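The values are calculated or read from the model by the stated rules, or taken from the named source; none is laboratory data. Note that the structure is predicted; figures quoted are calculated from it, not measured. Cβ atoms come from the backbone with ideal geometry, glycine included; neighbour counts cover every protein chain shown.
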Amino acid sequence: MKKKKKQLSKDQKKQESISEAPSLALPDFKGDCFFDMVPDLLCIVSADGYFKRLNSAWEHTLGFTTQELLASPFVVFIHPDDIEASFQALEKQTIAHEIINFDNRYRCKDGSYKWLEWRAKVSKDGSEIHAVAREITDWKFALDHLREREGRYKTLFENAPLKCQTLDTNGNLIQVNKKWIEIFGYSVDEITGKWFGDFLSTEFANAFREQFLLFKTKGNIHSEFEMIRKDGTQIMVSLDGTIAYKPTGSFEFAHCILQDITESRKAQESALKSEKKLRAIIESSDDAMLVLNNSGKSIYSNSKFNGMWGIPTDKLGLGDEENLLNFVVNRLQELKKILNKVKDLNQSLKADIAFVEFKDGRTFELRSHPWLLDNQILGRVLYLRDNTEKIKVENAMKESEERFRFLAEYSPDLIFIITNRKLVYVNKQCETITGYSQEAFADPGFDYLKMTAPECQGLVKEKYQLLMAGQPVDPFEYVLINKNGNTVYTLLSTKRIQFGGEHAIIGIITDITDHRKADKVTKQKVESLESYHNLMVGRELKIIDLKKEINKLLLLLGEKEKYKIVG
């Protein structure tokens, strides 16, 4: 960018013509106050690398004053690890003259960093960069948290409302969920093992090849691609991914979430081409927006606000605030408390966040910022984001985990999880039956095989190896030795699962000692009955033989047989 400035200084006429040419800088007119109303970070950067103009959202987000931000090149605020990638993105845009999308971290005044998601474009004459950024730090952390838990909830992955996929180290598809299949139309057999780039347009396939190499180096990715569905239609998707590593530190798989951004992409491109740049930027926002003046009257509401709140078209006219707000009142739970809170903040510089619940079950994040112009408060800017699905997913995950823990903790059977030959979970019944405490099980040096009778240890090892090789194992009996040396006869059922991103074994041990004792008593009774039966049968046979001998003697004496022998 410095090189470009030096070239301009050699040609004064060219510099003058550029300064006189229409620029993408926002004009200074009465509606220009909306520039500081937008909660997103808007900026215009000159060719020398300095900010030319910033809206008030920069001060609220980073803590620096506008004067402090204007006084230094923008690069000094970028995280050192993100500088190279940020400039590569800008250089690519300069060549292609297209809108670019990228993420980086910006330094706050307190020394911390916040993640920003950028949409930027260089002006046709190359003298300025126009950009809009959104602070996505919480979203980044939330996404990472979800990814960490994904390995524990395979069912959630399969039924998630988002389109999810996992890739191997070469970028080949390992697994996709139902939503992925539903949106793109391919069967599991048609995509499993195929390179993900095969489902992208040619130019995006080449870009994916390059970005996947960078992805494996950085460990995460946020990018956009054009995908081709089975019916031949094309859609733009954003791809966010992280890499799961094996305990050895090597690549295991990459987990990615896809979102259809076709419509938002079109809206953004249209907005940047429009002469009404400011209104177009607001309308292309993913949030619903409402602007109130100091009297509480609505000054502006975008289409997303109208759509999210379900406001009928006959109530949309500006100036009909009483009718509009009366309709809104009937749509919210606890609206009075929320409106009073906004009213209390009307003359405050404080930004506020709250959650709003609709009667139809939807939940929105409500953010409130002061509307400032020349350090004067003109009102409040409210914008809403639909968090219904996010909250549902989080609640489902929490309920699933609580359900598992309840069932496991109160099960009459012993339940355990083993990973890397170490016990990482045991329920209360394990303590009761074995006599070992939770602390003993948690000891890295604890050897679970010492609870197995010597004659059964070989069998247990064999079954473990089969499970880790991915082969199913039927329930089998083995003898458990508790801490006191007592013998417990058990039936062990096992299955291989994913736990914390690693292969693990979950086992359920059923105490069958009482059953064995009952079987032993039954066997003894059967044996006693058989012995008695044999004794009685032998006695009868001897009597028959004696009767036969008597009959023979009588015949020899010339007398008739006394006994009639049957059979």
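Below, the figures for the structure above:
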quantity	calculated
Among (1) crowded, with 17+ Cβ neighbours inside 10 Å; (2) at pLDDT 90 or above; (3) of a type in the set (Gly, Ala, Ser), the one test that residue 127 misses	(2)
Per-region count, segment 76-94, residues surrounded by 13 or more Cβ atoms within 10 Å (Cβ to Cβ), of a type in the set (Val, Ile, Thr) and modelled with pLDDT of 90 or more	2
Residue satisfying condition, being under 23 Å from the mean Cα position of the chain (by Cα), not hydroxyl-bearing (Ser, Thr, Tyr) and not in a helix (DSSP H, G or I), within set 378, 372, 384	384
Test result for residue 419, assigned by TED's automatic domain parsing to the domain that holds residue 485, over 23 Å from residue 501 (Cα atoms) and of a type in the set (S, T, N, Q)	no
Condition met for residue 244 (among the aliphatic types (A, V, I, L, M), touching a Phe, Trp or Tyr at 6+ places or on another chain (Cβ under 6 Å) and surrounded by 14 or more Cβ atoms within 10 Å (Cβ to Cβ))	yes
Of all residues in segment 101-114 being closer than 20 Å to residue 237 by Cβ and surrounded by 19 or more Cβ atoms within 10 Å (Cβ to Cβ), the one that is farthest from the chain's Cα centre (by Cα)	102
